[in-house]
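Everything on this sheet refers to the single structure shown next.
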Amino acid sequence: MIEFNDLKEIVFLIEKQYGYDFSDYSRASMLRRINRFMEISNMGSVVDLKYELINNSVNFNTFLNEIVVNVSEFFRDPSFFKSLKTNVFPYLESYPKINIWSAGCSFGEETYSLAILLKELDLLHKSRLYATDISSNAIEKSKKGIYSNKSFKEYSNNYFSCGGKESLNEYFISDGKKSIINSDLKKEILFTRHNLVADGVFKECQLILCRNVLIYFNEDLQDKVLNLFYDSLPIHGFLALGKKETLRFSSVFDKFKEIDSTEKIYQKIK
Amino acid sequence: MEMIIIGGSAGSFSIILSILKGLDKKVQTPIVVILHRLKNVDSSLEKHLQLHSHYKVKEAEDKEIVKKGHLYTVPANYHLLLEENRHLSLDSSELINYSRPSIDVTFESFSTVLKEKCSGILLSGSNHDGARGLKLIAENGGKSIVQDCNEAEFDVMPKAAIRIYEHHKVLTLNNIIKNLNEESYGY
Ligand SMILES: C[S@@+](CC[C@H](N)C(=O)[O-])C[C@H]1O[C@@H](n2cnc3c(N)ncnc32)[C@H](O)[C@@H]1O
């Protein structure tokens, strides 16, 4: 177990050794994730942890995956995807080419959910989805698009709650244990590494999704990243945050119009 | 006491209402309520609690500062953590004990920050969530209270807590209220 006052040194060590800057992440979450990692890997003290970080770079990937919280779902918050359908896509339809950025895409669940929606609306062929994450492991997994069947029932329920017309299985090839996403859904998606803390504007996109990522940042970093999104949007472009995240306290708040206050969808107006 | 954290599951809702009704108006210590809730269902939990409380009841928002006289509920599908600067943080990571929010996660996070300055209260429920966190609260010098198993509608949760740590205060509803009124009086 480590304590709050060990955090600074650990964060410093990670930055020096591996170049990742976690200094503006939520300290409460960092502490919990690091202690969780230590518990899972049977590490007792802060000395053990430091030793591992310095001497075992192989294990750093496991560490990183535990720290960044890659937890996601297909059609997480069905009401959100419903709102995209009614409030955002009709507007984007008029563009000849639709660019979408899914930032903090985890293992691709959110991105493939979007692709399925776009396909059902007959928009996928003129869309380009850019899906990014800090974790290279997450990007690799996203590209493969293989998911355990364990949560499929839940995903299926989500899909139906947001108005899905087919059966979610239609979009996968499954065996007893795993399902792999159909390759035609992958065609318009580019999965690539991008670190919201360190990297700049990625690509101008008419819709940016960044859901359940900002809660892991402190207020300063939240604001910095929201400015990055502002810079990445054309005028009238849309920004979608997680259900419990908000623009309200950020410096760009008055440059956006609230499109759906429950689902946290905003439109850039100036 | 700087904060009171109440966790409960099946059978705990009416108990929480009674606690709120029974609290002396002078008690202003911030309260956090972690209730296992249904996924993707917007319930009117906050409205119900507000009807019975002199506290301002609200759902916890990410990075908001904890204030006196406020009662915070935890949104469905999120865990609730406490930062050292007394800001609340939401967390959408794995379910713990099949639950999100998990009582253990919040008890542990708050106890780590507040040490002896928090009270944890674990009520009726039918799983083991909260036991581990309440033990940490006790070990960190905070006050740990478990609802009397004979009174709890579902005793799995209080029993689990007592099984792994036997020195919790075991109290009936009336005594929980009395205890809170006496010890947080005028804080
Ligand atoms: C909880 S998941 C959210 C997944 C999905 N957006 C959702 O809402 O279900 C958070 C994701 O953010 C990623 N992340 C954390 N810090 C990041 C950073 N600095 N830059 C880019 N992605 C980051 C994590 O790797 C993780 O995959």
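Here are the numbers for this structure:
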read-out	value
Shielded by partner chains, the stretch A:243-261 residues - at least 50 Å² of accessible area, 1.4 Å probe, vs chain alone	A:K244
Chain B: calculated mean residue ellipticity at 222 nm from DSSP helix runs of at least 4, using -39500 (n - 2.57)	-9000 deg cm²/dmol
Over the stretch A:118-270, volume per residue of the alpha carbon convex hull, in Å³	131 Å³
Rounded tilt (10° steps) of A:4-18 against the dominant C-alpha axis of chain A	70 degrees
Protein-protein interface of the stretch A:55-104, residues with accessible area decrease of at least 40 Å², isolated chain reference, 1.4 Å probe	A:V71
Percent antiparallel among DSSP beta bridges (both partners in chain A, rounded to 5)	45 percent
Cross-link pairs beyond the 19 Å C-alpha cut-off, checked among A:K144/A:K264; A:K141/A:K178; B:K115/B:K169; A:K150/A:K186; B:K135/B:K169	A:K144/A:K264; A:K150/A:K186
Cα-based helix-to-principal-axis angle, A:109-120 vs chain A, degrees rounded to 10	10 degrees
Inter-chain shielding of A:214-220 (mean C-beta neighbours from other protein chains, 10 Å cut-off)	4
Chain A: angle of helix A:27-40 to the longest principal axis, Cα-based, in degrees nearest 10	70 degrees
Pairwise burial A:B, computed as accessible area of each alone minus the pair, summed, 1.4 Å, Å²	2300 Å²
Shielded residues, the stretch B:58-87 - accessible-area loss of 40 Å² or more between chain alone and all protein chains, probe 1.4 Å	B:E61, B:D62, B:K63, B:Y78, B:L81, B:E83, B:E84
Globularity index of the protein assembly as shown, i.e. its alpha-carbon radius of gyration over 2.2 N^0.38 Å	1.01
Hydrodynamic radius (Kirkwood) for chain A, which is based on Cα pairs only, to one decimal in Å	19.6 Å
Alpha carbon Rg of the stretch B:3-182, scaled by the compact-globule rule 2.2 N^0.38 Å	0.91
Distance between the stretch B:49-120 and the stretch B:126-187 - C-alpha centres, whole angstrom	17 Å
Placed amide H near B:V27: partners under 5 Å, 5+ positions off or other chain	B:G186
Peptide-level mean, for B:90-99, of C-beta atoms on other protein chains within 10 Å	5
Of all accessible heavy-atom area on the protein assembly as shown, the percent that carbon and sulfur account for (1.4 Å)	51 percent
Cα-based Rg and Dmax for the stretch A:4-67, where Dmax is the largest Cα-Cα distance (Å)	10.5, 27
Candidates B:I137, B:I31, B:I96: whichever shows maximal mean-square fluctuation once chain B is modelled as a Gaussian network with Cα springs under 10 Å	B:I96
Solvent exposure of the stretch A:4-67 as accessible area per residue, Å², 1.4 Å probe	50 Å²
Per residue value of the accessible surface for the stretch B:3-182 (all protein chains in place, 1.4 Å probe), Å²	39 Å²
Per residue Cα convex hull volume in Å³ - calculated over the stretch A:112-154	94 Å³
The stretch A:78-268: relative contact order as a whole-number percent, Cα under 8 Å and 6+ apart	22 percent
Cα convex hull of the stretch A:184-270, projected area averaged across orientations, nm²	6.0 nm²
Relative packing of A:232-238, A:87-93, B:105-111, B:121-127, which averages over residues the other C-beta atoms within 10 Å, highest first	B:105-111, B:121-127, A:232-238, A:87-93
Among B:T29, B:T73, B:T112, residue whose mean-square fluctuation peaks in a GNM of chain B (springs only between Cα atoms under 10 Å)	B:T112
Amide hydrogen neighbours beyond the local backbone of B:V146, cut-off 5 Å, H modeled	B:L122, B:K169, B:V170, B:L171
All aspartates and glutamates inside 16 Å of A:K243 as judged from Cα atoms, apart from same-chain residues fewer than 8 positions distant	A:E73, A:D77, A:E110, A:E258, A:D260, A:E263, B:D42, B:E59, B:E61, B:D62, B:E64, B:D91
Length-normalised contact order for the stretch B:3-182 - Cα pairs under 8 Å, 6+ apart - percent	22 percent
Rounded to 5, percent antiparallel among DSSP beta bridges of chain B	20 percent
Beta bridges by DSSP in the protein assembly as shown, antiparallel share as percent, to the nearest 5	30 percent
1.4 Å probe accessible area per residue over the stretch A:78-268, in Å²	41 Å²
Whole-Å distance, taken between Cα centres, linking the stretch A:35-77 and the stretch A:235-270	33 Å
Max mean-square fluctuation residue, GNM over chain B, Cα-Cα springs under 10 Å, options B:S53, B:S93, B:S119	B:S93
Rg in Å to one decimal, and Dmax rounded to a whole Å, for the stretch A:100-202 via C-alpha atoms	13.8, 42
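The values are calculated or read from the model by the stated rules, or taken from the named source; none is laboratory data. Because the structure is a prediction, the values reported are computed rather than measured. A quick note on method: Cβ atoms are made from the backbone with ideal geometry, for glycine too, and the neighbour counts reach across all protein chains shown. Remember, those area values only see protein heavy atoms, side chains included, never the ligands or the DNA or RNA. Shrake-Rupley method; radii C 1.70, N 1.55, O 1.52, S 1.80 Å.
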